[in-house]
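The values are calculated or read from the model by the stated rules, or taken from the named source; none is laboratory data. Small disclaimer: the values here were computed from a predicted structure and weren't measured. When we count neighbours, we look across all protein chains shown, and the Cβ atoms used for this are built from the backbone with ideal geometry, even at glycine.
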Amino acid sequence: MGNLRDFFSPVKHVMIKEVTEMKRMKIAAFLIVAPILQAIVFGFVAVTDIKNVPTMICDEDNSALSRALTDKFFNMDHFRVVLVTHDPQTIEKQLGSNRARVCLRIPPDFGENIRKGKRAPVQVIGDGTDSNSAVQTMSRVQLVVAAFSGEVFEKKLAAMKSVVGQLPSITMQERVWYNPELKSANVMVPGVIGLILAIVTMVIMSLSIVREKESGNIEQMVVTPITPAQIIAGKIIPYIVIGLIDICVVVVTCGIIFKTPFEGSFLLLLTLSLFMILVNLGIGIYISTISATQQQAMFSAIFFLMPNILLSGFLFPIKNMPEILQWLTYIIPMRYYMVIIRGIFLKGLGFMELLPQTFALFVYGAVVFAMAIKAFRKTVS
Amino acid sequence: METSVKAEKLQKRFDKFTAVDSISFEVEKGEIYGFLGANGAGKTTTIRMLCGLLEPTSGDAIVAGYSIKKQPEEVKKRLGYMSQKFSLYPILTVEENISFYGGIYGLTDEEIKKRLPEVCEAVGLNGLEKRLAGDMPGGLKQRIALACAIAHGPEIVFLDEPTAGVDPLLRRRFWEIIDSLAFSGVTVFVTTHYMDEVENCHRIAIMHSGRIISEGTIPELKKAAFVNHLLEVETDSPVRAFELLSEAKDSIGETSVHGAMLHVVPKDPATAAAVDRMLSAAGIAHTRPEQVEPTMEDVFVRLVKREEGKI
Amino acid sequence: MTSTDKGTRNFKRIKPVFIKEVLHIVRDTRSLAIALLAPVVLLVLYAYAVTFDIKRIDLGVVDYDDTAMSRELTAKFTANGYFELHRASMNSMEACVEALRINKIKMIIVIPPGMSSDVKSSKTVQIQAIGDGSDTNTVSIGLGYANATIAQFSRSLLLAQVRSRGINPKSMPVIEPVPRVWYNPDLKSINFIVPGLSAIIMMLISALLTSLTVVREREQNTFEQLVSTPLKPLELMIGKLVTYIVLCLVDVAIIVAVSIVWFKVPFRGSVLTLTVFTVLFLFCALGLGMIISSSVKSQQMAVIGTAMGTLLPSILLSGFVFPIDSMPAIIRGISYVVPARYFITALRTIFLKADADIASLWVEALYLFVFGMFFLIASARRFRKDLE
């Protein structure tokens, strides 16, 4: 018992110093306020559902049927019709100058073809510059056209019903679980917590150690009986606490603003987040040992952070990446955390169901931390 | 007298380079022991070994009763160290800086509370406890650093170039503090390359290329360097005079320039007259050669030259 | 004194600042390596990782009907590569629900018992599609695919029925959408990423580095020394800016070269327009960096400030990945003050669209110019005040 007290007495003083510095530099408030802003912006912005696409319709037919099809594009969330024209010359101008992103071109014989029961092609011209939106927008236009086609088809069938009688049909009933309205914010907000933890516990922490190295304070500490483990403990505990506070704050704020559901156990979330924080801190310490200046540390941290964002499944589904990249994602710690945090938020997963991810983070954390402490011990001596 | 530091054949090699070459010395409790030497002479390496920061390649030292090789952790508890680039936390107050170091030396909160006023008193920081360290002028920063180094009441303090970049008046004040510290029984081990400062030390070791080439009190060192007193001549054209006298090195002895002064290490009692004669003959206006007490700078230069001459 | 004389003298004083900054960057090998390598690594990562094109969605099928027809429908789901049937043996509802919970599958299709007999007796059959809403993107697209697959299956059954009742289905009208993609016909996401990434990298290098440069000098007390020389604040600032402008231009050149040579991104505009926009944008980025730099006290704060004040908005509110049109009105409003928005629009046009369209970019150019001047003047004023 006495030993434990001996261990923590110097640690306490490192912590006090760390917190006082944060307070004086007004970083503490920043570390709490910035994440909230970040979460809110992400919740609003990182919407994967494409909406309000500037759309133009070039109706060369101008028949009742072509106008009926045109009408379908009004009052839809996905499209914002900016221009209805009869002149095909304007298409290039509109798309070229970014005024419209997609154009539905109805050829002159459209109505005629339908009446005759022929195939009636319509052109969907998309601006491929924004390839991802283009894919979604164009398939959305095609769905609208297909639905219209179905209507025309049904009308014709209905006219024939007297001849052919009752016909079968298969319909689909959609049900979305865990996030019935498919709100992007519900998925983004938990993801953002992973990002925030990485920034607070990895980037800021690595800078904080390098600063002491730059100023020579670390050397001064080493001559004291304090051990490297105690220095590290004293430096990381405030960041762990801030990380956990950030989680609480983001969960509450986003719960209010976005009505983000929280199905699982909050205690479990905090516990498993500890593993992620530990991994981040390990990486942060490691970066600080290999960096001589704060600039280097920051660059290295950002360099490490980027793949964490890109390859973790936070924004882009891992399943769609090339196989090599998919393999690479296994060494991205945030990958595991994304499953944990989204699972707890939206599905209410329990510890047993998240065991594989937790285990992965645990192993990762243990390895990284051991490496970091070893490297740290080496730099200080 | 109690022995505070006892080094025996302490050696440190980095690859092929020998930074410290089996040096031995003893420092008594309450003594101010100075390490004098040029940059790269091995002063800092020695101090780092004595503090338990570097493990010696061979040899050992007993510091505050513990071996730096076998019990470096025990040694660390009993000493204070103020490194060359000692840096305070600028946005912490004076008091917070001192408490921090006291705390990481393992003092309890009560001990820190008790110690704070004592330390501030000792280094003359009373009334400044609540000010931010970053707002303090350089000389005061030095004292805060010292306060941090002695916060835990160490038996020995190692000061590595403590007064670098501090103005002379504050330097004097600093040495007064060191004096009183030693008087209270703390052993002070200090490195410097300010020759005038060395005079504040009770005993001095002169280091050169990793070895202690001479050791003792100031009179002892002076005796070791010079048989006789020095001759001092002031002149308008020291460069010409120096050239002239250097040529006659074999008959009159070695000459060195100190501003407008020339110092001659006399060969024999007749040298004074010989110098006077030679300068007059060359038409160089000068004062009469007078016997003076050698300064530490003379001693240092002389000893180092002799050492190099041997090699 | 003629103005040229004055100009040369000013330049003479700027040069040493420039050299010092260059040395600073060059000596710090790792930072330099990262500054030059980062664009390439990010480019490669983004090029392959960023895709909203959803394929091979993990699907579980609970087939209560278990007839030739239900199996045919199941086969249709996997036929076009949109879905991947996850373990055919997983045929119980409980197993599928559990799999959905732990992310083994993203969707479940439930085929009701008696489907084929109902179809034969011309009834309406309802198929249930259950999606995992915790992956909104995959599921909203997956449900669309499922809908289309079922509609197609339904129509083919229908046509078979119509045919069996003696009517020629050829006379049924079908409206056929013919998709055409302009500017980026293969819809390669790299073509979309490159311009945006250039902007992000430039923000990263210019804003972040400049924001650090002044704080660092202040932290290391070299600032006072510089101030005591006859060097004017403006000259000091220009000396620093020129360095980062050069570094950024090199980075942009690397990005453009790699993307054209390696990723075969078309470059249809002119180098001149590209340079003009790059420089205009750089003024904005550098100005912002300078403003942050002179308003914070530590490098740590500079990093946080730049990340929050410039990087994040540039990534999120510029249309780099998330289309601005889809954002809520307030956020769309905010995006108008994010310079990266204009730069990215301009770059995409320069890269992919015809030269004639570049004329339409004057609005973007004007915005960037106004922002750039505003930031630069504001930062110069702050900078001067800071020094005094």
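Computed quantities for the displayed model
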read-out	value
Qualifying positions in segment A:18-38 - within 13 Å of chain B (Cβ to nearest Cβ), on the phi < 0 side of the Ramachandran plot and free of Cβ contacts under 8 Å to residues at least 12 places away in the same chain	A:THR20, A:GLU21, A:LYS23, A:ARG24, A:MET25
Residue among C:PHE369, C:PHE374, C:PHE343 that is modelled with pLDDT of 85 or more and either out of contact with any Leu (no Cβ under 8 Å at 6 or more places or on another chain) or not in a helix (DSSP H, G or I) (or both)	C:PHE374
A:GLN173 vs. criteria surrounded by fewer than 16 Cβ atoms within 10 Å (Cβ to Cβ), under 30 Å from C:VAL162 (Cα atoms), at the interface with another protein chain (Cβ under 7 Å from one of its Cβ atoms) and not basic (Lys, Arg)	yes
Residue that is closer than 17 Å to A:THR201 by Cβ, without any contact (Cβ under 8 Å) to a residue 60 or more places away in the chain and away from every other protein chain (no Cβ under 14 Å), where the choices are A:LEU274, A:LEU269, A:LEU281	A:LEU274
Options C:GLY131, C:GLY196; residue that is within 30 Å of C:VAL41 (Cα to Cα), buried (at least 19 other Cβ atoms within 10 Å of the Cβ) and among the small types (Gly, Ala, Ser)	C:GLY196
Unique match (being closer than 20 Å to C:LEU157 by Cβ and either surrounded by 22 or more Cβ atoms within 10 Å (Cβ to Cβ) or aromatic (Phe, Trp, Tyr) (or both)) among A:PHE153, A:PHE148	A:PHE153
Residue match in segment A:230-237 (condition: modelled with pLDDT of 85 or more and more than 14 Å from chain B (Cβ to nearest Cβ))	yes
Condition met for C:VAL174 (among the hydrophobic types (A, V, I, L, M, F, W, C) and within 7 Å of chain A (Cβ to nearest Cβ))	yes
Any hit, segment C:103-123, residues being in a helix (DSSP H, G or I), at pLDDT 85 or above, within 14 Å of C:ASP58 (Cβ to Cβ) and more than 9 Å from chain A (Cβ to nearest Cβ)	no
Filter result for A:LYS347 (among the basic types (Lys, Arg) and in contact with a Phe, Trp or Tyr (Cβ under 7 Å, 6 or more places away or on another chain))	yes
Count of segment C:297-337 residues which are among the aromatic types (Phe, Trp, Tyr) and more than 7 Å from every other protein chain (Cβ to nearest Cβ)	2
Which numbered condition A:PRO356 misses (of (1) more than 14 Å from the chain's Cα centre (by Cα); (2) more than 10 Å from chain C (Cβ to nearest Cβ))	(2)
Hits in segment A:150-190 - residues which are at pLDDT 80 or above and among the aromatic types (Phe, Trp, Tyr)	A:TRP177, A:TYR178
Residue in segment B:156-163 that is over 18 Å from A:GLU18 (Cβ atoms) and in contact with a Pro (Cβ under 9 Å, 6 or more places away or on another chain) present	no
Counted residues, segment B:267-299 - those being closer than 30 Å to B:MET207 by Cβ and surrounded by 13 or more Cβ atoms within 10 Å (Cβ to Cβ)	8
Strands (runs of 3 or more DSSP E) contained entirely in segment A:59-131, each with at least 1 residues that are more than 7 Å from chain C (Cβ to nearest Cβ) and surrounded by fewer than 16 Cβ atoms within 10 Å (Cβ to Cβ)	A:79-85
Spans of helices (runs of 4 or more DSSP H) in segment A:248-366 with at least 2 residues surrounded by 19 or more Cβ atoms within 10 Å (Cβ to Cβ)	A:266-290, A:294-310, A:333-342
Single condition C:SER294 does not satisfy, out of (1) facing another protein chain (nearest Cβ under 9 Å); (2) in contact with a Lys or Arg (Cβ under 6 Å, 6 or more places away or on another chain)	(1)
Candidates A:ILE170, A:ILE106 - the one that is closer than 30 Å to C:ILE130 by Cα and touching a Ser or Thr at 6+ places or on another chain (Cβ under 6 Å)	A:ILE170
Test: B:LEU36 is of a type outside the set (Ser, Thr, Tyr) and under 22 Å from B:CYS148 (Cβ atoms)	no
Hits in segment C:177-203 - residues which are within 8 Å of chain A (Cβ to nearest Cβ) and in contact with a Pro (Cβ under 9 Å, 6 or more places away or on another chain)	C:PRO177, C:VAL178, C:TYR183, C:ASN184, C:ASN191
Residue that is farthest from the other protein chains (Cβ to nearest Cβ) [pool: residues in segment C:124-150 that are touching a Gly at 6+ places or on another chain (Cβ under 7 Å) and not in a strand (DSSP E or B)]	C:GLY142
Residue under evaluation A:VAL210, criteria (1) more than 12 Å from chain C (Cβ to nearest Cβ); (2) crowded, with 24+ Cβ neighbours inside 10 Å, criterion not met	(1)
Unmet criterion (only one of (1) of a type in the set (A, V, I, L, M); (2) over 35 Å from the mean Cα position of the chain (by Cα); (3) more than 20 Å from A:VAL141 (Cα to Cα)) for C:VAL174	(3)
